[in-house]
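Undergrad: Here it is, the structure in full.
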Amino acid sequence: MLPMIRCGAMLAVAVLAEAMLAGCAPAPQPVSGLGPTGNLADAAKLVVVKVRDVWKYDLRLRTQSIVKKKVRFPDDVDFDDRVRYEGYYDSSRNVTWVAVYGNVTSTSDYGSVDHDGYYVVWEQPGRLQSDFPPPWQLDDAELLPQPYN
């Protein structure tokens, strides 16, 4: 058994070496783990795409319109300002996806309040290079019975 001081020093060297090697990795990196599809075989085909600010602006308004149709009380809806965007390019299908995640609160005229999470997935054919692509196509939309974290 090694003394505790030696173990700590060896661990520090191992962590430093791993950090240095990680800095040499080529870009872009495939999505790790299961990726957004939940299928391990798809993870190697997906590449993370930076979601551009103009896409966010366009998709935020479209997403809110879709989510309003799904809540129980669509007349009084308040969207959380914190919205998360994730972009992926699927080389096997030649499609770019952008997922939008957030929280929404809706209130009835009688005081009932729902705090729900949501996610909406949008897609475009091809690997997007433009700030202003054609209109996004809806791929999936779900309202969750609890806030999204």
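Undergrad: For an R0 of 22 angstrom, estimate the FRET efficiency from the Cβ-Cβ distance between Asp114 and Glu86 and round to the nearest 0.05.
TA: Efficiency at R0 = 22 Å is approximately 0.35.
Undergrad: Sticking with this one: Counting only the backbone N, which residues of segment 71-111 are under 16 Å from the spot 7 Å out from the Cα of Gln146 toward its beta-carbon?
TA: Under 16 Å, as judged by backbone N against the label point of Gln146, lie 102-104 of segment 71-111.
Undergrad: Report the convex hull volume per residue for segment 75-117, counting only C-alpha atoms, in Å³.
TA: Taking only Cα atoms, segment 75-117 has a hull volume of 81 Å³ per residue.
Undergrad: Which of the aspartates and glutamates could be linked to Lys56 by a straight reach, that is with a Cα gap under 20 Å, when you skip same-chain ones fewer than 8 residues away?
TA: Asp78, Asp80, Asp81, Glu86, Asp90, Glu123, Asp131, Asp139, Asp140, Glu142
Undergrad: Could you tell me the center-to-center distance, by alpha carbons, between segment 48-86 and segment 88-149 in angstrom?
TA: The distance from the Cα centre of segment 48-86 to that of segment 88-149 comes to 7 Å.
No lab work stands behind these numbers, since they all come straight from the coordinates. None of the values given here were measured: they were computed from a predicted structure. Note: ideal-geometry Cβ built from the backbone for every residue, glycine included; neighbour counts use all protein chains shown.
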